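Shown next, in structure tokens, is the structure this report addresses.
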Amino acid sequence: MGIFSNLRREFIVRPDAYKQSIVFKWPDTNIRNRTQLTVEQDELAVFFRDGKVNGVIQPGVSTLDSSEIPFLGNLVDAATGGKYFKTELYFVSTREFANLPFGGMVDNVVDPETGLAIGLRVFGDYSLKVVAPDRLIVNLVGTQNFQSNDQITDWMRDQLLKVFRTDVVTHISNERWPILGIASQNALIEQEVLAAAAKVLDGYGISVARMGNFVISIKPEDEETLKKYRRDVQYTKLAGSFQSAAAGEAIEGIGEGAAKGGEGSAPAVIAGMGLAGAVFSAAGATRTAPCPKCGTQVAAGAKFCPSCGAEQPHAAL
């Protein structure tokens, strides 16, 4: 066992089982002098001690010797006579981690079109990339025994939702975009998210490289409310148009009937539309005469009295 233990400390490389980890912490904090360290092309090796990063080793095969790598001099364990380095060693992946899901409730936003509070949700995925391994370890990962990506990806998801709740919701309100159909603004909103997220994430050495399958949705019950509102508005507009058109046609019919000597059907049209008073007011020039039988005022040109049905002698007036 002693021989294999020495071999493990003389050759250090990230284990295959942890190739998919954003950060992998080497389990041993005592590393033998002149150990051969292998760093893959998509990662960096970060040496950490006493609350700070002491140095970073680039991809390739290196021999851990303070005469060849100067910063290792700060890590020599004097108690071992210089045979070991006392350090925490992290392997940090620098490749892009894609298709990471995020999503959830954003906020209740006042729809400029209706004045209603609408619940917005967002769902999609993003890709994560470490741009500064030293800042990632110091400001986010810390010195814990880090083995899972969840700590970073869960934190990233929360940051993206925070961006939506502040910058993006404010942008929607200022631009007065109708919530129904907000998906048409996805491209612009994505740019807003990336720009705002970059400011937050820079201090942690991480970036959102891109976003995909990005969708802003409305709670089903709120979507139905907005659709009903739009239908009601359209019905109201159509009803107003029909009423105006009918009134115009009624007035036109009166004029034509009077011009033809009373053979028009204006009184019937007016009664059917319920607009007799308004139309007669508009056509104040129309002449009337009393019915000789009952005295009811009858429009000139009418053949019979609308009250008693008596034939009118002034029908040709």
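What follows draws every value from the coordinates through simple rules; no lab data is involved. None of the values given here were measured: they were computed from a predicted structure. Cβ placement follows ideal geometry from the backbone for every residue including glycine, while neighbour counts extend to all protein chains displayed.
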Inset, instruction - Could you pull out every one of the lysines with an alpha carbon less than 27 Å from that of residue 219, ignoring same-chain neighbours closer than 8 positions? - result: 162, 227, 228
Legend entry - Length gained when the stretch residue 217-residue 293 is fully extended (0.36 nm per residue, less Cα-Cα span): 20.1 nm
Legend entry - Taking 202, 222 and counting other C-beta atoms within 10 Å, the order from fewest to most: 202, 222
Legend entry - Qualifying aspartates and glutamates (Cα of each under 14 Å from Cα of residue 25; at least 8 residues distant if same chain): 16, 43, 88, 134
Inset, instruction - Collect residues whose amide H, placed 1.01 Å from N in the peptide plane, falls under 5 Å from the amide H of residue 11; neighbours closer than 5 in sequence don't count. - result: 36
Inset, instruction - Would you mind counting up the charge near residue 219? Only other residues with Cβ under 12 Å from its Cβ, with Lys and Arg at +1 and Asp and Glu at -1. - result: -4
Inset, instruction - Enumerate the amide H contacts of residue 77 below 5 Å, restricted to partners 5 or more residues apart or on another chain; note that Pro and chain-start residues carry no placed amide H. - result: 82, 84, 85, 86
Legend entry - Net charge over other residues, Cβ less than 15 angstrom from the Cβ of residue 135 (K, R count +1; D, E count -1): +1
Inset, instruction - Collect residues whose amide H, placed 1.01 Å from N in the peptide plane, falls under 5 Å from the amide H of residue 209; neighbours closer than 5 in sequence don't count. - result: 127, 128, 129
Inset, instruction - Apply 1/(1 + (r/R0)^6) to the Cβ-Cβ distance of residue 63 and residue 19, taking R0 = 30 Å, and write down the FRET efficiency to the nearest 0.05. - result: 0.80
